[in-house]
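As structure tokens, the structure follows; a few thoughts come after it.
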Amino acid sequence: MHYFFKQHEENFNEWRKSGYQGIPEIGADFLGHLRSRHFKPKLKLWNEKQWQKVQLEAIERCVYSFEILGEKDLLTNIVTGGGKTTIIGAMIAYLMIVHDQYKFLILTPNTIVRERLVDEFDKEKDSYIYDVFPFFVNSHEHLKNKISLHVMKPNESTAGVRAGTIILGNIHQIYERTDNWKVLRDNVDSLCIFNDEAHNTKAEQYNDLIAKLRPKRFIRIDTTATPDRLDGLHPDSKMIFVYDIAQAMVDKIVKRPVVFHPDVKKVKLTYEDLETGKTISAEEVPWEEIERRKIPARRYITSVKPMRQQIAIACELLKEQKMRTPAPYKPLLFLVAVSIKDAENIANELEKVGEKYGIKKILLVHNETDDELKEAARDINKDPQTEYDAVVSVLMLREGWDVRNISVILLFRKFSYKEIDGQIFSVYGPQVIGRGLRRMSKNPEEWESLFIVDHPILKHSWLWDHLKATTYPDALDPANIIIDTSKIPEDKNVGKIGEGEKKLEEAEEKLEIKNLPPTPEPPEVVEPIYEWQKYLDDYKYDFSRMDIVEDVERIKSLNIESEHVTSGKADIPEIEIEKIARATKTEDWSIEELKEQLTKQIHSIARYALLEYDRNPDERQAVLVKIVRDHIRKRLLGGTELNESSDEILLRRLWVIIDQVRDVFLRPELIEGIFMRKK
């Protein structure tokens, strides 16, 4: 993404030195207060260096760009842990004090980020940002009591949108067709917009919404740590501030990633292919196809032996981290699995291997986890002495789930990337590692490390280069794990920037920011399937994949491809229902129990589809449930509704291929076609 502010650096620095001339006097007083030595938030962990160098400068640049340059669409690119929420809070205060603005829309990518922001902007919470940071002082202190928060949720009244000061929710809750949109359109004259974790918003959708809101938009500020998406698109705002991981590591504002590799001669990383029953090497797993959802991740699980070996290494590293973790924190182990079944297996093995290391309570969380456990994952950062010792997840814990306690990460999956003209585009890698980058200590003189266990066969050197990670020089033998922390290099070879001594141009040269290639042409973007009904009607299911047990020869020979609407009983060879039931492991289920389980699967498919599309399983889920039900009725149940069907053969056959139905609806381009209008 193009760095817009470069041409204004010199004038901006002069403006700061002049005492913020050219903006309203009350605004200059506000910024002067933030820069004064009397500005002290009520935080146990307060890093004044981070405040001055990152958060305050970002705030000043937002004000300068808006007041002096007249720019209304801004973006700050700040590393995870850099304090993006504080910047949002400060700008809300500035706009209230200086410009009498009282309507703020904060967009979030998922529930985890939303709930974190609720903790910051709900005046009833202990962490209420305006009780922690003295942004409202003297004659303006009363303004913080005028702030009311409305959280947009499915099936809730829009009255809060009309009455609230801060409106918090995801972009889909204000699409053009929603009641929330109508309230904003008809009742709001001036709106300040903040898009948190802006890289998650599909750029075309977000830009389209902003275009519709432009007549009401007073200012818009996007915040992110990674503005460029894998599809090469990015918000159309102007990037005015960059503070990346390289600079954050130099300043010791984030943890330093240290990568440990097992001895490849001792640890052979293999996986079980549940579809073929074969054991395959990590190199044979189709990682890119899994990330693109062309092949379901649930097909693969990590083999038990290398799983145990690497868990043992991670547990040793956790023991090492316990000796260096600052009070009052308790170090956590975070394990990243390939699939839900893989995560369950990892949690079971961790219980066995981790017992002697004091790992007693493990939090297993994935998309099918009970809401209670998901809530536990969201809240784990609230208690530095959390009851959990380890967290096992697939990929749902990404943006917004920033837990300071994470001290060791163990990877059981490969992250893919694309490189175009020297620039890296990655979906998951930096996001997952970023969950552990927030520091526990704020002592700027001390290094704090995040230990990562990564098998060399996964070929993540691109990721460690991108994150400026340090590599431990010795390969670790799981049978004799010896960790000598004195061998860890002091830092990655990143040139240090002298504070207040070097000009920005020299700093850029040193960090190689200036020498980065221009943003390349984006990778190929898959077009939405706007004719989604025809696509579903024409989709060909692979009934040969029903050969899941060797002794059911008749099932193996099934070839019952249907036309658009039905595949009736007459299309199916005679098969003993008992054999199908045994093959599908549903012999103990009655027809009613089977229909109940299928109904649960349909709701799960709808939820998963939205999680894969934009990680927001909101009120659209009900629409998808209806579409999935209708598709199953037409294509797989002979035109009969699921709850009315009494055809045992069709119902048990549906159970066999329900995963194929899931794969169909996990295609983001299909979901986009369903919910987005063709332009």
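The values are calculated or read from the model by the stated rules, or taken from the named source; none is laboratory data. Source: prediction; values computed, not measured. Reconstructed Cβ throughout: ideal geometry from the backbone, glycine too, with neighbour counts over all protein chains shown.
Quick check on region 430-440. Is at least one of its residues modelled with pLDDT of 90 or more, farther than 24 Å from Thr302 by Cα, of a type outside the set (Lys, Arg) and assigned to a loop (DSSP other than H, G, I, E, B)? Scanning region 430-440, I find no residue that is modelled with pLDDT of 90 or more, farther than 24 Å from Thr302 by Cα, of a type outside the set (Lys, Arg) and assigned to a loop (DSSP other than H, G, I, E, B), so the answer is no.
Contact map, region 117-143: residues that are in contact (Cβ under 8 Å) with a residue 60 or more places away in the chain paired with residues that are surrounded by 14 or more Cβ atoms within 10 Å (Cβ to Cβ) and aromatic (Phe, Trp, Tyr), Cβ distance under 7 Å, separation 6+ or inter-chain. Pairs shown: Pro134/Phe39. If you go through region 628-641 and keep only what is touching a residue at least 12 places away in the same chain (Cβ under 8 Å), surrounded by fewer than 21 Cβ atoms within 10 Å (Cβ to Cβ) and farther than 15 Å from Asp659 by Cα, you end up with Lys634, Gly638, Gly639, Glu641.
Scanning region 83-102 for residues that are within 27 Å of the chain's Cα centre (by Cα) and under 19 Å from Ile167 (Cβ atoms) gives Lys84, Thr85, Ile87, Ile88, Gly89, Ala90, Met91, Ile92.
Just one residue in the set Ala163, Ala93 is crowded, with 20+ Cβ neighbours inside 10 Å and small (Gly, Ala, Ser); that residue is Ala93. Across region 320-358, the number of residues qualifying as among the polar types (S, T, N, Q) and over 25 Å from Gln385 (Cβ atoms) comes to 3. What do you reckon, is Lys268 modelled with pLDDT under 90 and either over 30 Å from Arg438 (Cβ atoms) or not in a helix (DSSP H, G or I) (or both)? So Lys268 fails the test. The combined condition, being under 21 Å from Val98 (Cβ atoms) and surrounded by 12 or more Cβ atoms within 10 Å (Cβ to Cβ), is not fulfilled by Ser139.
Kindly check whether there is at least one residue in region 613-627 that is modelled with pLDDT of 90 or more, over 18 Å from Arg667 (Cβ atoms), crowded, with 18+ Cβ neighbours inside 10 Å and outside the structural domain of Glu197 (by TED's automatic domain parsing). Among the residues of region 613-627, not one is modelled with pLDDT of 90 or more, over 18 Å from Arg667 (Cβ atoms), crowded, with 18+ Cβ neighbours inside 10 Å and outside the structural domain of Glu197 (by TED's automatic domain parsing), which makes the answer no.
When you look at Arg653, is it surrounded by 20 or more Cβ atoms within 10 Å (Cβ to Cβ), at pLDDT 90 or above and either in the same structural domain as Asp538 (by TED's automatic domain parsing) or in a helix (DSSP H, G or I) (or both), yes or no? When the stated conditions are applied, Arg653 does not pass them.
Arg292 meets each of the listed conditions (1) more than 30 Å from Ile78 (Cα to Cα); (2) free of Cβ contacts under 8 Å to residues at least 60 places away in the same chain; (3) of a type in the set (D, E, K, R) apart from (1).
For Asp421, the test of being modelled with pLDDT under 85, under 26 Å from Pro286 (Cβ atoms) and of a type in the set (Asp, Glu) is passed.
Restricting Pro235, Pro262 to residues that are at pLDDT 90 or above, of a type outside the set (Ser, Thr, Tyr) and under 26 Å from Arg438 (Cα atoms) narrows the list to Pro262.
Could you grab me the full set of residues in region 456-510 that are among the charged types (D, E, K, R), farther than 28 Å from Glu14 by Cα and either exposed (fewer than 13 other Cβ atoms within 10 Å of the Cβ) or at pLDDT 70 or above (or both)? The answer is Lys459, Asp465, Lys468, Asp474, Asp477, Asp484, Lys487, Glu490. Leu75 - would you say it is buried (at least 17 other Cβ atoms within 10 Å of the Cβ), among the aliphatic types (A, V, I, L, M), on the phi < 0 side of the Ramachandran plot and assigned to a helix (DSSP H, G or I)? So Leu75 does not fit the description; no.
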